[in-house]
1. For the range 117-202, taking Cα atoms only, what is the radius of gyration to one decimal and the Dmax to the nearest whole Å?
2. With r defined as the distance between the Cβ atoms of His195 and Asp150 and R0 fixed at 41 Å, what FRET efficiency is calculated, to the nearest 0.05?
3. Applying a 10 Å radius around every beta-carbon, put 80-90, 127-137, 98-108, 141-151 in order of their mean neighbour count, most first.
4. Using the Karplus curve 6.51 cos²θ - 1.76 cosθ + 1.60 with θ = phi - 60°, what ³J(HN,Hα) values do you get for each residue of the range 82-90, in whole Hz, with x for Gly and Pro?
5. Go through the range 101-111 residue by residue and turn each phi into a ³J(HN,Hα) via Karplus (6.51, -1.76, 1.60, θ = phi - 60°); whole Hz please, and just put x for glycine and proline.
6. Charges on Cβ only, +1 for Lys and Arg, -1 for Asp and Glu, centred on the Cα centroid of the range 94-201; of Ser106, Ala170, His131, which one is farthest towards the dipole's positive end?
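Bear in mind that the values in this text are calculations on the coordinates, not laboratory data. As the structure is a computational prediction, the values presented were derived from the model and not from experiment. Neighbour counts are summed over all protein chains in view; Cβ atoms, including those assigned to glycine, are modelled from backbone coordinates with ideal geometry.
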Amino acid sequence: MSIPVLLAGSGVGCAGFGAVDHQVAPGAALERDQSLESSSHWYAGAVTEEADRAGGEAVKWLTAGELESWLSLVRLMMWLPWSIDQQLQRDSKLGMVEYQVLAMLSRSPERTLRMSSLAVLTNASLSRLSHLVKRLEERGLVRREPDPADGRFTHAILTEEGFRTLAEAAPGHVAHVRSLIIDVLSPEQLRRVGHAADRIMSHIDTSGIN
């Protein structure tokens, strides 16, 4: 059985491991979102003027259109992981990154990955991933064992209970992703979004992970 993996490899997106805050109150979240709109005028005026007065290397500031597009992307990076995390927490008692860990293990040979490899795939430090996997272990969803080929490494292994939990969570997760992205874009728009995301990712230096 193949479990769909949504947002795989981005885990915490641009904000870092575990950055999705599912405790944000709607009012505070709305205020934060609106601040992006008002700050664009401030950025285009006071900040750029002050920076230019300070001298230094010339900056190619964003045009009004570029700034609008950038802030749209920032809003997406903020709210898409939040919405996905909310649905998973509500319906399956899993966070988005926890779901990713289970899904990636389900797709691996023998449902097993080295912790170091799993950390790279989820954009996590080993220490933070260890805390997350410990929580999954306590729920019986994952277990850890020394790598028989090299005792310096540790394997994360998806248990049968973990696979059942993932299989139960997947339909609601995929339906939510469809409602947010797949069904609101045409096939051509979806293709272009994917290509644009890949192009942006190709410029992100991930060599510093772990």
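1. Reported Rg and Dmax, both Å: 17.5, 49.
2. Details: r = 38 Å, r/R0 = 0.94.
Efficiency at R0 = 41 Å is approximately 0.60.
3. Top of the packing list down: 98-108, 80-90, 127-137, 141-151.
4. 4, 5, 5, 5, 4, 5, 5, 4, 5
5. Going residue by residue, I get 4, 4, 5, 5, 5, 5, 8, 8, x, 6, 6 Hz, with x marking Gly and Pro.
6. Positive-end residue among those listed: His131.
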